[in-house]
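Single-structure report; data block below.
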Amino acid sequence: MLFENLKVHRVAVHEVFRRNDDRSIQPPAYSNNLESLSAEAMGAFRLRMTDALSGQTQSLQMRIVKVGAGSFLECAEGLIGSDDAAFLLGSKELATKLAESQLARRIPGGMVIVFNGTVGAVSVPFIGVIKAEIQQGFRRSLAGAIAIIEFLNNIFLTPATRLYKIGVMAFDDTTKPKPEGRRAFIFDSNISAGNREAAATYFYDGFLGCALPSDGPYETMRFFDLTKEFIRGSDLQPEKKRDMVDSLYVFVRDEQDPTFTADQFGSRFFPAELQDPYADFMTNRKFTPNAVVRDTSQMGSRLRRRRLKFGGDIELSASPEALKTKVHMEPIPADGILGDSNSWTRVIIRERLTGEQ
């Protein structure tokens, strides 16, 4: 869903704070009126929201998992079609809910911006919430011929530093049983294309009642990266590690079963003493225990070539098949001593040199 034709109808701004030293909640500072933005300010606000939510790396659609009493979905749906007084009251409830969701003292306070409107060609109604951290900065203005530099202590929603999170709930069809007919989207500046888990859990889970998507392409890629990380960090001998990585490539790329689980790989390929540590590792990294649809469409050339690095500036690149059948590697002693830090590598390639770059 590209956030085109975004129209904002009402905006309410409150402020939440970091928890007290005893971890108790400091009550939010509520506004008693809706905001009245100038045409220029509203244009900038809409542009900021459209740019953020239409991005492909730091925004994503979420799964709505909490739909009962007290959930964000229930509160937000109650604001659709409400009058101004009810909207302001509901926005205060959402600010309170966000303050309650910020369980750790390390989570900073900030401005809570609750807004509603419509989006898309068919004007789908939505409720949006922004958590914007407060910044400091300077503003230069002129008083006649004299330049005045002002220090501003409460700047937020600046385009230069995206210290904010956005949650939007779109209501396509409220006649369907929840959560059908509703969609949730978030923007979080900490998210990267390969690391959705960087999104703040307190915001999308505790506050919005959502969960990360569990689509096949992403989960397949994440399984591959996490398993390779575990293999490289294990105590296996270098040659055994290479064999395990070879097995990982084959398991992800060549297996015919449409779905897989991490437990299947662990039980088939890891020695018994590593199976439980591997399971614990994947659990700690929050990889799903459920079956994942095998889909390598987002992995590009990563499954077609492997790169081995020797020292600081020597690399060997080959297909997984060539590494397994045409390349032989073994550690040899350096200065008569064999060890991780005192060894060289003998590489035998069962092919003649045919060119260089």
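The values are calculated or read from the model by the stated rules, or taken from the named source; none is laboratory data. Everything numeric here is computed off the predicted structure, so don't read it as measured data. Note: ideal-geometry Cβ built from the backbone for every residue, glycine included; neighbour counts use all protein chains shown. Each accessible area value is taken on the protein alone, full model and side chains, heavy atoms only, with ligands, DNA and RNA left out. Shrake-Rupley method; radii C 1.70, N 1.55, O 1.52, S 1.80 Å.
Answer yes or no: is there a residue in segment 78-91 that is over 24 Å from Gly209 (Cα atoms), at pLDDT below 75 and part of a loop (DSSP other than H, G, I, E, B). Break it down stepwise before answering.
Pass one, segment 78-91, residues over 24 Å from Gly209 (Cα atoms): 83-85.
Next, from what is left, pick out any that are at pLDDT below 75: none.
Checked segment 78-91: no residue is over 24 Å from Gly209 (Cα atoms), at pLDDT below 75 and part of a loop (DSSP other than H, G, I, E, B).
Kindly indicate the residue of segment 88-127 that is surrounded by 18 or more Cβ atoms within 10 Å (Cβ to Cβ) and farther than 18 Å from Phe207 by Cα and also farthest from the chain's Cα centre (by Cα) among those meeting that condition.
Leu88
What's the number of the condition Gln56 fails, among (1) among the polar types (S, T, N, Q); (2) at pLDDT below 95; (3) over 28 Å from the mean Cα position of the chain (by Cα)?
The one condition Gln56 does not meet is (3).
Do we find a residue being under 24 Å from the mean Cα position of the chain (by Cα) and of a type in the set (Asp, Glu) anywhere in segment 233-256?
Looking through segment 233-256, none of the residues is under 24 Å from the mean Cα position of the chain (by Cα) and of a type in the set (Asp, Glu).
Taking Gly209 and the conditions (1) within 24 Å of Ile64 (Cβ to Cβ); (2) open to solvent by 30 Å² or more (accessible area, probe 1.4 Å); (3) in contact (Cβ under 8 Å) with a residue 40 or more places away in the chain, which numbered condition does it fall short on, given that it satisfies the others?
The single condition Gly209 does not satisfy is (2).
For segment 62-75: of the residues being surrounded by 14 or more Cβ atoms within 10 Å (Cβ to Cβ) and over 23 Å from the mean Cα position of the chain (by Cα), which is farthest from Ile127 (Cα to Cα)?
Glu74
Restricting segment 1-53 to residues that are assigned to a strand (DSSP E or B) and of a type in the set (Val, Ile, Thr), which is surrounded by the most Cβ atoms within 10 Å (Cβ to Cβ)? Walk me through it before giving the result.
First, pick out the residues of segment 1-53 that are assigned to a strand (DSSP E or B): 7-16, 29.
Adding the requirement that they be of a type in the set (Val, Ile, Thr) leaves 8, 11, 13, 16.
Values: Val8: 17, Val11: 22, Val13: 20, Val16: 25.
Residue satisfying both the conditions and the ranking: Val16.
Do we have any residue at all in segment 150-168 that's in contact with an Asp or Glu (Cβ under 8 Å, 6 or more places away or on another chain), at pLDDT below 90 and more than 20 Å from Asp188 (Cβ to Cβ)?
The answer is no, given that none of the residues of segment 150-168 is in contact with an Asp or Glu (Cβ under 8 Å, 6 or more places away or on another chain), at pLDDT below 90 and more than 20 Å from Asp188 (Cβ to Cβ).
Can you name the residue in segment 283-299 that is open to solvent by less than 90 Å² (accessible area, probe 1.4 Å) and either β-branched (Val, Ile, Thr) or at pLDDT below 70 (or both) and is also nearest to Arg350 (Cα to Cα) among such residues?
Filtering segment 283-299 for residues that are open to solvent by less than 90 Å² (accessible area, probe 1.4 Å) and either β-branched (Val, Ile, Thr) or at pLDDT below 70 (or both), the one nearest to Arg350 (Cα to Cα) comes out as Thr296.
Does segment 258-276 hold any residues that are touching a residue at least 24 places away in the same chain (Cβ under 8 Å) and either within 28 Å of Thr201 (Cβ to Cβ) or under 28 Å from the mean Cα position of the chain (by Cα) (or both), and which are they?
Matches in segment 258-276: Pro258, Thr259, Phe260, Thr261, Ala262, Asp263, Phe265.
Could you tell me whether Phe207 is closer than 19 Å to Ile130 by Cα, at pLDDT 90 or above and under 15 Å from the mean Cα position of the chain (by Cα)?
Numbers: closer than 19 Å to Ile130 by Cα: yes; at pLDDT 90 or above: yes; under 15 Å from the mean Cα position of the chain (by Cα): no.
No, not satisfied.
For segment 325-357, how many residues are at pLDDT below 70, closer than 24 Å to Gly233 by Cβ and either among the hydrophobic types (A, V, I, L, M, F, W, C) or open to solvent by 60 Å² or more (accessible area, probe 1.4 Å) (or both)?
Going through segment 325-357 one residue at a time, the tally reaches 4.
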